[in-house]
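The structure under discussion appears below in the form of structure tokens.
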């Protein structure tokens, strides 16, 4: 029996030069790979009538990151040159905080947000969690997202570690986490991607010890 089909919007978060040639360079997955998958997702969404929302993070012109008017703050050409249906400017992590995105989605009766872009552990995660809490179903395309490494007084984590852990956690209920190709196949087949849950994820880990 065919499942009821989601009414999706593709949310393209902060695909800006800052993450490619600037001061916050995505390291995992390799940035050209994730950029190619973002472009592929945008093209597929446009082809089947899924609205595309492009999100841009901006800070004051004096900021060392995402400075308004700077080359690094610009949306990357792979995204900027593709068609989209709505544009959102934001200044905090979640694309749903302090913007018109939520209202725009509700006016179009969107029930599922398909998320791509940067960074997995920051703006993607914040948007995914807020969307989940506000009642949307969420999909995250893990190979159309990306992370960078951190070191602070709690220790060091590689980009791969951060990306892997955040996507595992998101898949426990906040979002159905899948690859771009799996998402494209779902669009074609009508299969509805599903998130896992906390309990089963934990039980599998215990049994695997």
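Read-outs throughout are calculated quantities, based only on the coordinates presented, and are distinct from any laboratory measurement. Note that the structure is predicted; figures quoted are calculated from it, not measured. Glycine also receives a Cβ, built like all others from the backbone with ideal geometry; neighbour counts cover every protein chain displayed.
Report the FRET efficiency, 1/(1 + (r/R0)^6), for residue 158 and residue 208, where r is their Cβ-Cβ distance and R0 is 25 Å, rounded to 0.05. Don't skip to the answer; put the middle values down first.
Numbers: r = 23 Å, r/R0 = 0.90.
That gives a FRET efficiency of 0.65.
Classify region 49-99 from the C-alpha gyration tensor, please: rounded if a/c falls under 1.5, else prolate or oblate depending on whether a/b exceeds b/c.
Judged from the Cα gyration tensor, region 49-99 comes out oblate (a/c at least 1.5, b/c at or above a/b).
Which of 28, 150, 84 moves most in a GNM of the chain, Cα contacts under 10 Å?
Of 28, 150, 84, the Gaussian network model singles out 150 as fluctuating most.
What FRET efficiency, computed as 1/(1 + (r/R0)^6) with R0 = 35 Å and r the Cβ-Cβ distance, is obtained for residue 32 and residue 168, rounded to the nearest 0.05?
Details: r = 24 Å, r/R0 = 0.69.
Efficiency for this residue pair is about 0.90.
Can you pull the one-decimal nm distance between simple spin-label points at residue 44 and residue 100, each 7 Å off the Cα toward Cβ?
Label-label distance for residue 44 and residue 100, simple model: 3.0 nm.
What ratio of Cα Rg to 2.2 N^0.38 Å holds for region 69-186? Write down the numbers at each step before the final one.
Values: Rg = 14.9 Å, N = 118, 2.2 N^0.38 = 13.5 Å.
Here the Cα radius of gyration is 1.11 times the empirical estimate.
Roughly how many nanometres apart are two label points built 7 Å out from the Cα toward the Cβ at residue 25 and residue 80?
Those two pseudo-labels are separated by 2.0 nm.
Work out the FRET efficiency for residue 4 and residue 61 from their Cβ-Cβ distance, taking R0 = 41 Å, and round it to the nearest 0.05. Mind dumping the intermediate values first?
Working: r = 47 Å, r/R0 = 1.15.
Efficiency for this residue pair is about 0.30.
If N is the number of residues in region 1-48, what value comes out of its Cα radius of gyration divided by 2.2 N^0.38 Å? Walk me through the intermediate numbers first.
Details: Rg = 14.4 Å, N = 48, 2.2 N^0.38 = 9.6 Å.
Relative to the rule-of-thumb radius for its length, region 1-48 sits at 1.50.
Once the cut-off is 22 Å, how many percent of the Cα-Cα pairs in the chain end up in the long-distance tail?
On the way: 10358 of 21736 pairs.
That fraction is 48 percent.
Once the convex hull of the alpha carbons of region 125-209 is built, what does its volume come to per residue, in cubic angstrom?
130 Å³
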